[in-house]
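Following: one structure in structure tokens, then a few remarks.
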Amino acid sequence: MDKIVMKGGAELHGEVPVSGAKNAALPILASALLADGTSTFRNVPDLADVATMLKVLRTMGCGAERLEGRKKDVCEVGVNGHITPEAPYDLVKTMRASVLVLGPLVARFGRARVSMPGGCAIGARPIDQHLKGLKALGAEIHLTEGYVEARAKQLKGGTVNFDVITVTGTENVLMAAVLAKGRTVMENCAREPEIEELAKVLNKMGARIEGAGTSIITIEGVEGLTPVEHAILPDRIEAGTLLVAAAISGGNVLVKHAVPEHLDAVMDKLREAGCTLTAEAGGIRCKAPKTLTAVNITTTEHPGFPTDMQAQLMALMCVSQGTSVISENIFENRFMHVPELHRLGADITIQGHTAVVKGVKALSGAPVMATDLRASASLILAGLRAEGRTDVSRVYHLDRGYERLERKLRALGADIRRVKAKA
Ligand SMILES: CC(=O)N[C@H]1[C@@H](OP(=O)(O)OP(=O)(O)OC[C@H]2O[C@@H](n3ccc(=O)[nH]c3=O)[C@H](O)[C@@H]2O)O[C@H](CO)[C@@H](O)[C@@H]1O
Ligand SMILES: C=C(OP(=O)(O)O)C(=O)O
């Protein structure tokens, strides 16, 4: 297993580009199932999760490849009528977002067999709302042998009112509704920029969707869609992570391609902590203050503070002056980074879904273990500031969602490298 080896203390300076968004690329790759022919996607991040989604599509019989050489950011997905509409357990267990093929498969092929994703390190993460939405469009759903089996000769438009705001649930039902007969109204939808991006792609393919990015989405079903060409939007969570890297190191960094409107809540918190954030042509600049100030954070659905940035902000709070209260309201078990941050000298107490972080003068390097994707980012951020050497193991979690993070940080001046596992 690869690990990241780093020495803290360097201030980060310079410019760093953000890659395409994982959470947009995954549903958008799945959306290619909705049309016959080859769809071409650019700015697709080179991540383990994207490789898994391409594999899921290939397993079904699609052509799904990343191009090579200078076009390495391009993925092509080719679909013809002959596919096996099944996502097997072996793949879904490595990436729960594989469940995003469920909606497109049942809409286009009239049936789907997709392994139930099950829980993961950060929470139970059921998919009852995905299933509720598909049922409202007329799909028959059975759960057998750990699989969701969905069938519908022709989905029919209907009203879907989500009991819980869910990002991939909204996306799954949206991808089903575009080919349903008649009008679908989806209420209490998630409002993330990645949902707007998915709707943009579907509309380019010929769908008729209005309201994506708000809590009510209306879809007029169409008979068929055509393949598409699209460049994926920048990853707001990677951008936020790089802004925190600038802040925690005491540096001054321009995060290129970062979209300020996608990062309002994160930028507000960094400002409150004393950083100077400026939207510049082509990105966002973060200049760290001499002393960081503790701020309170409450994660909520977009446009609130994102749960996917909670662990990174917690790393920052570990070295900020004062006491910070961090409440996690989206996932029930998303404090797995806390015991590892303790190993670096952090002072954090957990009370239920709240963590109380008392800023310390210094962190000290230690071997630590990543437990999930954003936990691994938070440990690397803490390692940038810790005195001495920090080794972060289990970086396969990091590779799910960050494209060569260590190279990006090294280009900004960090002392960080990847030690490859022996073959
Ligand atoms: C691939 C992708 O886009 N992943 C993101 C997506 O995950 P994902 O779409 O899985 O997260 P959801 O928005 O669905 O989850 C939000 C909450 O709703 C609950 N829930 C969800 C669905 C359901 O049917 N029933 C139910 O109870 C979940 O357990 C969780 O407590 O949104 C999360 C919340 O912003 C992010 O952390 C993930 O990075
Ligand atoms: C939780 C995340 O991803 P996923 O939903 O793919 O597990 C994340 O990106 O932080």
Exactly one of ARG389, ARG407 is outside the structural domain of ASP49 (by TED's automatic domain parsing) and either aliphatic (A, V, I, L, M) or in contact (Cβ under 8 Å) with a residue 24 or more places away in the chain (or both), and that one is ARG389
If you check ARG111 against the conditions, is it more than 25 Å from ARG236 (Cβ to Cβ) and either surrounded by fewer than 19 Cβ atoms within 10 Å (Cβ to Cβ) or assigned by TED's automatic domain parsing to the domain that holds TYR396 (or both)? yes
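To keep it simple, each residue is scored yes or no on (1) charged (D, E, K, R); (2) more than 24 Å from the chain's Cα centre (by Cα); (3) closer than 22 Å to GLY138 by Cα.
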| position | (1), (2), (3) |
| --- | --- |
| MET175 | no, no, yes |
| VAL185 | no, yes, yes |
| GLU192 | yes, no, no |
| LEU198 | no, no, no |
| GLY213 | no, no, no |
| ILE216 | no, no, yes |
| GLU229 | yes, no, no |
Just checking, which of ARG113, ARG96, ARG108 is closer than 30 Å to ALA370 by Cβ and either under 22 Å from the mean Cα position of the chain (by Cα) or at pLDDT 95 or above (or both)? ARG96
Restricting to the stretch 358-412, and then to whatever is away from ligand 1 (no atom under 16 Å from the Cβ) and β-branched (Val, Ile, Thr), can you tell me which residue is farthest from the chain's Cα centre (by Cα)? VAL360
Would the stretch 241-250 turn up any residue that is outside any helix (DSSP H, G or I) and either outside the structural domain of GLY9 (by TED's automatic domain parsing) or in contact (Cβ under 8 Å) with a residue 12 or more places away in the chain (or both)? yes
Strands (runs of 3 or more DSSP E) (entirely within the stretch 312-388) containing at least 3 residues that are touching an Asp or Glu at 6+ places or on another chain (Cβ under 9 Å): 354-358, 367-369
Where the second residue is assigned to a helix (DSSP H, G or I) and basic (Lys, Arg) and the first is in the same structural domain as ILE165 (by TED's automatic domain parsing) and within 11 Å of ligand 2 (Cβ to nearest atom) and lies in the stretch 115-139, which pairs have Cβ atoms under 7 Å and are six or more apart or on separate chains? PRO117/ARG96; CYS120/ARG96; ARG125/ARG96
For the structure I just gave you, tell me whether GLU149 is assigned to a helix (DSSP H, G or I) and in contact (Cβ under 8 Å) with a residue 24 or more places away in the chain. no
Given the structure, is VAL185 within 16 Å of ligand 1 (Cβ to nearest atom), farther than 22 Å from ASP308 by Cα and not in a loop (DSSP other than H, G, I, E, B)? no
Restricting attention to the stretch 70-78, does a residue exist that is acidic (Asp, Glu) and within 30 Å of LEU134 (Cβ to Cβ)? yes
Among what's in the stretch 178-196 and is charged (D, E, K, R) and either touching a Pro at 6+ places or on another chain (Cβ under 6 Å) or surrounded by 23 or more Cβ atoms within 10 Å (Cβ to Cβ) (or both), pick the residue that is nearest to THR300 (Cα to Cα). GLU192
Quick check: anything in the stretch 256-264 basic (Lys, Arg) and either surrounded by 18 or more Cβ atoms within 10 Å (Cβ to Cβ) or more than 30 Å from ALA362 (Cβ to Cβ) (or both)? yes
Being surrounded by fewer than 19 Cβ atoms within 10 Å (Cβ to Cβ) and either in contact (Cβ under 8 Å) with a residue 60 or more places away in the chain or in contact with a His (Cβ under 7 Å, 6 or more places away or on another chain) (or both) is the requirement here; does GLU328 meet it? no
Can you tell me how many residues in the stretch 30-51 are within 16 Å of ligand 2 (Cβ to nearest atom) and over 14 Å from the mean Cα position of the chain (by Cα)? 2
Read through the list (1) among the hydroxyl-bearing types (Ser, Thr, Tyr); (2) without any contact (Cβ under 8 Å) to a residue 40 or more places away in the chain; (3) within 16 Å of ligand 2 (Cβ to nearest atom), then give the number of the only condition that THR170 fails. (2)
Filter result (of a type in the set (A, V, I, L, M, F, W, C) and within 16 Å of ligand 2 (Cβ to nearest atom)) within the stretch 77-114: ALA87, LEU91, VAL92, MET95, ALA97, VAL99, LEU100, VAL101, LEU102, VAL114
Can you tell which of MET60, MET95 is within 16 Å of ligand 1 (Cβ to nearest atom) and either surrounded by 24 or more Cβ atoms within 10 Å (Cβ to Cβ) or in the same structural domain as ALA180 (by TED's automatic domain parsing) (or both)? MET95
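The values are calculated or read from the model by the stated rules, or taken from the named source; none is laboratory data. Just so we're clear, the structure is a prediction, and the values are computed from it rather than from any experiment. Positions of Cβ are backbone-derived with ideal geometry, glycine not excepted, and every protein chain shown enters the neighbour counts.
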